[in-house]
Amino acid sequence: MNNLNQPLKELDPNFIRRNIKVITFDLDGVILPKGTFVKESVDGTEVIIKTKKLSPKMIEMIKELKKYFWINFSSGKAMLYLQHMLSDILWDKVSLCAENGNFILINGTIKQVVKYNDKYFQKIANIRNELKQLKAKNPRSICGFEPKHLIITVYTIKKIPAIEAIIKKHDKEKELYCLWTNEGYDIGHKETSKVNALRFLVKELKIKPSQMITTGNNLNDKEMLAYGIGVSVDSHRVSGKYAISKKRGILGGEVLATYLLWAMKS
Ligand SMILES: [Mg+2]
């Protein structure tokens, strides 16, 4: 792909008005400030999860955007969490994609869009168990697991090579990714990315990928940004056709929402 990371002002308002039907927002780092805090007790019987919430301004902008677009959210988070986080703007013209493209909630139904065999589940379980043992030995640097169905998300205070070594040991087939997210690691199947759920979404809404704006700030957004009209909010980490340069105190998703509303009304 050529001409990556063009400034947002190059995205033609006429093109937006005529072609764009769907906006896919990533959550963390795009419409929510980064910084999930997970703390799990040593025996795993207690989990505390703290996250940020949508700003009142962003809630209003999303409600306004829904007049013009279908709004989709795509995250590595679990579906339960997304429903909880986004409750202020649910449900009309909204869909949710969870666990990096594994699940979609659309039109009242949750769909698992990727199937795995028992071997995958067993491998993930074995890895999780060994990570738990590692956590018991390193309770200060490994904070805990975020509850999920199909991927593993382990929160750490820094990069831990022993985690990557555990994945390598169990994954002889080399079918897993192990992505550092700045807050820990996402571990899942290499053939599944956020695009899997987006493919389901475009079929369901009967649109083309080029009629959807996608956003992202991290490596787990790479495929999704290349799939639609990608707008990166952190072009040093991941590229999109367009990029929003970082401004202190303003989230990239808010800059994009403001721009889209301006385009629709101008
Ligand atoms: Mg993100």
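Read-outs throughout are calculated quantities, based only on the coordinates presented, and are distinct from any laboratory measurement. Please read these numbers as outputs of a predicted model, since none were measured by experiment. Counting neighbours? That spans all protein chains shown, and the Cβs are built from the backbone with ideal geometry, glycine included.
For the pair residue 80 and residue 140, the difference between a 0.36 nm per residue extended length and the Cα-Cα distance amounts to 18.9 nm. With a threshold of 29 Å on the Cα-Cα distance, the over-threshold entries among 39/168; 63/115; 52/203; 52/247; 66/190 are 63/115; 52/203; 66/190.
Extension gain for the segment residue 164 to residue 63, taken as residue separation times 0.36 nm less the Cα-Cα distance, is 32.2 nm to one decimal.
Label zone of residue 172 (point 7 Å out along Cα→Cβ, amide N under 17 Å): in segment 124-152 this covers 124-127.
Rounded to whole Å, the principal axis extents of the Cα atoms in segment 118-189 read 32, 22, 21, largest first. Calculated on the alpha-carbon coordinates, the convex hull of segment 129-266 measures out at 146 cubic angstrom per residue. Packing here is the average count of other Cβ atoms within 10 Å per residue, and on that basis the peptides 216-225, 80-89, 179-188, highest first, run 216-225, 179-188, 80-89. Both numbers refer to the Cα atoms of segment 1-132; Rg and Dmax are 18.1, 56 Å. Think of segment 195-238 as having a plus end and a minus end, set by charges on the Cβ of Lys, Arg, Asp and Glu; of 205, 230, 216, 205 sits farthest toward the positive end of this dipole. Among 144, 253, 44, the residue with the largest mean-square fluctuation in a Gaussian network model of the chain, with springs joining Cα atoms closer than 10 Å, is 44.
Relative to the longest principal axis of the Cα atoms of the chain, the long axis of helix 118-137 makes an angle of roughly 70 degrees. Normalised by the number of residues in the chain, the average gap of Cα pairs under 8 Å and 6 or more apart makes the relative contact order 24 percent.
How much mean residue ellipticity at 222 nm does the chain get from its helices, if each DSSP H run of length 4 or more adds -39500 (n - 2.57) and you divide by all residues, to the nearest 500 deg cm²/dmol?
Counting only the DSSP helices, I get -9500 deg cm²/dmol.
Between residue 9 and residue 122, the simple spin-label model (points 7 angstrom out along Cα→Cβ) gives 5.9 nm.
Loop-located GluC sites (Glu not before Pro) across segment 28-74 with a Cβ neighbour count of 14 or fewer within 10 Å are 46, with loop assigned by DSSP. With 0.36 nm allotted per residue and the present C-alpha distance subtracted, the residue 47-residue 199 stretch has 51.4 nm of extension available. Given the Cα atoms of the chain, and with Rh set as the inverse mean 1/r over their pairs in the Kirkwood sense, what is Rg to Rh to two decimals? Result for the chain is an Rg/Rh of 0.97.
Note on the chain: dipole from Cβ charges, positive end direction compared against 101, 16, 252; the farthest Cα belongs to 16.
With the simple spin-label model, which puts each label point 7 Å out from Cα in the Cβ direction, the residue 112 to residue 236 separation comes to 3.9 nm. About its Cα centre, the dipole of the chain is roughly 300 debye, where the only charges are +1 on Lys and Arg Cβ and -1 on Asp and Glu Cβ.
When peptides 124-131, 71-78, 235-242 are ranked by their average number of other Cβ atoms within 10 Å per residue, the highest-first order is 71-78, 235-242, 124-131.
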